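Take a look at the structure below.
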Amino acid sequence: MSNLQIEQFTAHSDNFCVLIHDPETGLTASIDAPEEAAILEALKRRGWKLTHIFTTHHHGDHVEANLALKKRFGTEIIGPSDERSKIPGIDRAVRHGERFAFGNFEVEVISTPGHTAGEISYHIPAAKVAFTGDTLFSLGCGRLFEGTPAMMLKSLQRLMALPGDTEIYCGHEYSESNARFALTVDPDNSALKERAKEIMALREAGLPTLPTTILREMATNPFLRAHDPSIRRNLNMDSASDEAVFAEIRKRKDNF
Ligand code: ZN
Ligand code: FE
């Protein structure tokens with residue numbers, strides 16, 4: 001099997017976009033559809049035609065270009081079953097644990113609610129990549145617009161169960177502000193300090209900080225580290241539940 005090809009770029013101010021392409025069958029999917037012009041430009045760069053959109057959740061900055069792209073290319077739109085009425089142009093609604101074919105690749109759907117109530121992530125085991133929308137960011141997680149801390153923690157735990165070397169592509173380039181915040185709750189973490197430095201240097205050079213990996217996030221992302229003794233000590237929450245620690249970190253980030 002040939003490799004999955006990936007083209008990453010940004011749209012609007014901080015939406016992080018990804019096109020994936022199976023060279024053997026010629027299929028191309030956009031993970032979400034934040035902005036038609038940016039996606040068209042990327043397609044042109046690679047000489048690809050958009051056959052699919054994999055929608056993670058219903059927010060406007062993730063579905064904005066659905067109908068325009070569908071009209072232009074006849075694109076098939078796949079999205080979360082629990083948000084099907086809110087996804088423009090959806091053709092196929094998918095649920096947790098469902099697998100579907102994208103050319104020669106199998107895509108696995110992981111339910112990751114919290115940011116929205118029906119959000120999903122897409123995992124392609126053979127390519128060792130996952131697309132986590134606004135659930136897991138590098139050094140952060142999505143705001144809890146529709147879900148509870150317990151719901152989001154469970155979603156993040158599902159992602160943490162993926163193989164450590166899985167490359168993570170998320171919906172926004174928020175790494176720099178996330179790094180500043182992460183250092184306030186986990187200031188003694190040397191892996192975090194190193195990653196923060198790397199992020200600042202990449203951003204300064206105008207380069208993306210993504211993809212990241214599950215292993216790297218588990219070592220540095222405070223939202224995946226509610227169990228960590230030194231974070232707990234910092235928050236004065238030594239004996240609290242993981243859920244309470246996670247909720248406190250999320251609350252602090254909201255007010256950061
Ligand atoms: Zn969102
Ligand atoms: Fe978003």
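Backbone geometry of region 130-145 corresponds, through the Karplus equation with coefficients 6.51, -1.76 and 1.60 at θ = phi - 60°, to 3J(HN,Hα) couplings of 9, 10, 10, x, 9, 8, 10, 10, 5, 6, x, 9, x, 5, 8, 6 Hz, x marking Gly and Pro.
Counting only alpha carbon atoms, the long axis of helix 242-254 and the longest principal axis of the chain meet at about 80°. Shown in residue order for region 217-231 are the 3J(HN,Hα) couplings computed by the Karplus curve 6.51 cos²θ - 1.76 cosθ + 1.60 at θ = phi - 60°: 5, 5, 7, 10, 8, x, 6, 9, 10, 4, 7, 6, x, 6, 5 Hz (x for Gly and Pro).
The long axis of helix 175-185 is offset from the longest Cα principal axis of the chain by roughly 20 degrees. Axis angle, to the nearest 10 degrees, between helix 190-204 and the longest C-alpha principal axis of the chain: 50 degrees. Taking amide H positions as placed in the peptide plane 1.01 Å from N, state which residues far from CYS17 in sequence (5 or more) or on other chains have amide H under 5 Å from it. Sorted by chain and number, the residues that satisfy this are PHE9, THR10, ALA11. Residues whose amide H falls under 5 Å from that of ASP32, counting only those 5 or more places apart or on a different chain, are PHE54, THR55, THR56, with hydrogens built in the peptide plane. Computed about the Cα centre, the dipole magnitude for region 176-254 is approximately 140 debye when only Lys and Arg (+1) and Asp and Glu (-1) carry charge, each at its Cβ.
Here the convex hull built on the C-alpha positions of region 176-254 has a volume of 83 cubic angstrom per residue. Of all DSSP beta bridges confined to region 5-104, the antiparallel ones make up roughly 55%. Of the residues PHE256, PRO113, MET200, the one whose Cα sits farthest towards the positive end of the charge dipole of region 113-256 is PHE256 (charges of +1 on Lys and Arg Cβ, -1 on Asp and Glu Cβ, taken about the Cα centre).
In the chain, the DSSP-assigned H stretches of four residues or longer account for a calculated mean residue ellipticity at 222 nm of -10000 deg cm²/dmol, using -39500 (n - 2.57) per stretch and the full residue count as denominator. For the chain, the dipole from Cβ point charges (+1 on Lys and Arg, -1 on Asp and Glu) about the Cα centre works out to 80 debye, to the nearest 20. Beta bridges assigned by DSSP with both partners in the chain are antiparallel in approximately 70 percent of cases. Here region 5-169 exposes an accessible surface that is 48 percent carbon and sulfur, computed with a 1.4 Å probe and the other protein chains kept in place.
Each residue of region 5-169 gets 103 Å³ once the volume of the Cα convex hull is shared out per residue.
Highest mean first, the peptides 192-202, 211-221 sorted by other C-beta atoms within 10 Å per residue fall in the order 211-221, 192-202. Using alpha carbons only, how many angstrom separate the centre of region 70-99 from the centre of region 181-256? Each part's Cα centre sits 33 Å from the other's.
The values are calculated or read from the model by the stated rules, or taken from the named source; none is laboratory data. All figures in this text were calculated on a predicted structure; none of them were measured in a lab. All Cβ positions, glycine included, derive from the backbone under ideal geometry; neighbour counts span all protein chains shown. Protein only, heavy atoms only, side chains kept; ligands, DNA and RNA dropped before computing areas. Shrake-Rupley method; radii C 1.70, N 1.55, O 1.52, S 1.80 Å.
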